[in-house]
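What follows is a short report on a single structure.
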Amino acid sequence: MSQLKTFFAGAATMAGGLIAVVLLTGARDPGKHAEFDEITVGRINIVEPDGTRRLVISNRAQFPGDFMQGKEGARPDRRAFAGMLFVNDEGTENGGLIQKGSISDDGKVSSGLSLTFDRFRQDQALQLLNNDSANHQQTGVKINDVPYFQKTSMADIQRFGEEARKLPAEQREAYWQKLSDEERLSVNRIWLGNTRDKGSALQLKDAQGRVRMMLLVSADGPPLIQMLDEHGKVSKTISPTSKD
């Protein structure tokens, strides 16, 4: 009889504990429907039901490398940044937001922010950026031509750099020019932003990345339109005082 009483007492205690848990956490599954007013974390991985990463939000210490078809590659050049990475359906990085900002003991500023959107399995096609230092502050938008991934892969880009470094310095420019002529490299086509002399500029470039037209407004106000030939020489200028 005493054993039966002990059993019922234990069962009642367990039932009371379960009721308390339900009352504290709500009737919903706390693993799927947690609610917070505030959360402090070092890194958040947003994943699909099958575990595929879709978004990573991270501090600097835990910032990831890059992702290609579900595999993470080392990117030591990102160790100075915090931010987020966008990842597509197959687990490949397709853009992100990175940012940093610091000042050294000797007063030197190192600050920057970049929001990018990549072509599929490739590099950035669109970039919004801001860089800041004691010498210059640059803010702009870049639109790039990026080769199709089956023509130039991210592995190819890494290989190009390795091969270029093995060449004598006087041969490297020709090496890169050959790849550019074969349309194997990304090319900046449009730049919109400020200039070093505190003006503003819109640069329109050809498929080789050569500036062919510029819309300029200097720091003191006068606007200018310049047309350039393939060698970078100004062939025509239109200003408020132009007659044609």
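Name the single residue that is surrounded by the most Cβ atoms within 10 Å (Cβ to Cβ) among those in the range 215-244 being hydroxyl-bearing (Ser, Thr, Tyr) and part of a loop (DSSP other than H, G, I, E, B).
Checked the range 215-244; the qualifying residue surrounded by the most Cβ atoms within 10 Å (Cβ to Cβ) is 218.
Among residues of the range 47-66 that are over 13 Å from residue 95 (Cα atoms), those with a beta-carbon under 6 Å from a residue that is open to solvent by less than 40 Å² (accessible area, probe 1.4 Å) and of a type in the set (D, E, K, R) at least six positions away or on a different chain give the pairs 63/78. Residue pairs whose Cβ atoms lie under 6 Å apart, sitting 6 or more positions apart in sequence or on different chains, and linking a residue in the range 198-221 that is of a type in the set (Asp, Glu) to a partner that is open to solvent by 50 Å² or more (accessible area, probe 1.4 Å), are 206/212.
Scanning the range 187-205 for residues that are of a type outside the set (Val, Ile, Thr) and part of a strand (DSSP E or B) yields 188, 189, 191, 192, 193, 194, 200, 201, 202, 203, 204, 205. Filtering the range 85-100 to residues that are open to solvent by less than 50 Å² (accessible area, probe 1.4 Å), more than 12 Å from residue 112 (Cα to Cα) and not polar (S, T, N, Q) leaves 85, 87, 91, 93, 95, 96. Looking only at the range 62-84, residues that are crowded, with 18+ Cβ neighbours inside 10 Å and outside any strand (DSSP E or B) come to 4 in all.
Candidates are the residues of the range 101-129 that are outside any strand (DSSP E or B) and touching a residue at least 12 places away in the same chain (Cβ under 8 Å); the one that is least open to solvent (accessible area, probe 1.4 Å) is 122. How about the range 130-155: which of its residues are in contact with a Gly (Cβ under 9 Å, 6 or more places away or on another chain), surrounded by fewer than 16 Cβ atoms within 10 Å (Cβ to Cβ) and among the aliphatic types (A, V, I, L, M)? Across the range 130-155, the qualifying residues are 134, 141.
The values are calculated or read from the model by the stated rules, or taken from the named source; none is laboratory data. Fair warning: this is a prediction, and the values are worked out from it, not measured in the lab. Virtual Cβ from ideal backbone geometry, glycine too; neighbours counted across all protein chains shown. Note: accessible area is taken over every heavy atom of the protein model, side chains too, but ligands, DNA and RNA are not part of it. Shrake-Rupley method; radii C 1.70, N 1.55, O 1.52, S 1.80 Å.
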